[in-house]
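One structure is given here, and the rest of the page talks about it.
The values are calculated or read from the model by the stated rules, or taken from the named source; none is laboratory data. Fair warning: this is a prediction, and the values are worked out from it, not measured in the lab. Neighbour counts are summed over all protein chains in view; Cβ atoms, including those assigned to glycine, are modelled from backbone coordinates with ideal geometry.
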Amino acid sequence: MKMKYSTLFVIPLLVLSLCTFEVGCNSASFATAVARIQAEMPAAQAAATAILSVADPALVPLVAPTASVISTDLAAVNSAIAAYNSTPNATTEAKVQAAVDAILNTVDSNLLQLNGLKTPQAAQAMQYLAAFSAVWAVIDGFIVGVQTPAQAAAHAAQHTAKLEEMLPLLDQKKMQREARLSGAELQASVRHELALGF
């Protein structure tokens, strides 16, 4: 049975696909993306706390690859945001993106590993990880939303998994609810990814 918990990297591509429909998407500044990221940090922290609070001995090792780096990775994001707010330039922009990508790639790898196990314990662990992943997929989408297509393609190349690969795992209703997207826009994002050769 396929589990459908993780949003992973679909929302960044969905945001990118929406840029073809929404006037002004490409004109948004990175500062706007950073402000939106900061607004999502409480949700990210709450999802992280849930993972760190997992006490079931059967689940602890399953979430360990993500749990072991959550505190460090969140600190890296906050540090990168502070550096950007202090000195906004291409270097600090890249640091924000790299910090966000690091979190996504860790959760992505962990979720792919657990999905391969196909056990009840793995499915339960995936729910904790997917809640964390969902927040960061949205956050990553804020960055993609202010990038050119070339920048977005280079950005996607830094991710562990392709959208096409992750699609069977996605909770599409959750994504549509959080990002106010339609099923048609979801499929458009998949086609966009393939067209850019991600």
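Kindly provide the set of residues from the range 141-155 that are surrounded by 22 or more Cβ atoms within 10 Å (Cβ to Cβ) and hydrophobic (A, V, I, L, M, F, W, C), ordered by number.
Phe142, Ile143, Val144, Val146, Ala152
Across the range 87-115, which residue is modelled with the highest pLDDT among those that are of a type in the set (Val, Ile, Thr) and touching a Ser or Thr at 6+ places or on another chain (Cβ under 6 Å)?
Thr106
Would you mention how many residues in the range 69-88 are over 21 Å from Pro42 (Cβ atoms) and surrounded by 11 or more Cβ atoms within 10 Å (Cβ to Cβ)?
Selection size over the range 69-88: 1.
Could you give every pair whose Cβ atoms fall below 8 Å, whose first residue belongs to the range 42-61 and is in a loop (DSSP other than H, G, I, E, B) and modelled with pLDDT of 95 or more, and whose second residue is loosely packed, with under 14 Cβ neighbours inside 10 Å and of a type in the set (Val, Ile, Thr), counting only separations of at least 6 or pairs across chains?
Once the first residue is in a loop (DSSP other than H, G, I, E, B) and modelled with pLDDT of 95 or more and sits in the range 42-61, its partners that are loosely packed, with under 14 Cβ neighbours inside 10 Å and of a type in the set (Val, Ile, Thr) give Val54/Val60.
I'm trying to understand the selection: among the residues of the range 116-131, which are within 30 Å of Ala39 (Cβ to Cβ) and at pLDDT 85 or above?
Selection gives Gln124, Ala125, Met126, Gln127, Tyr128, Leu129.
Hey, any hits in the range 70-88 for a residue that's over 17 Å from the mean Cα position of the chain (by Cα) and in a loop (DSSP other than H, G, I, E, B)?
Scanning the range 70-88, I find at least one residue that is over 17 Å from the mean Cα position of the chain (by Cα) and in a loop (DSSP other than H, G, I, E, B), so the answer is yes.
Return the residues of the range 89-109 that are surrounded by 13 or more Cβ atoms within 10 Å (Cβ to Cβ), farther than 14 Å from Ala31 by Cβ and more than 13 Å from the chain's Cα centre (by Cα); say none if nothing qualifies.
Listed by number, the list holds a single entry, Lys95.
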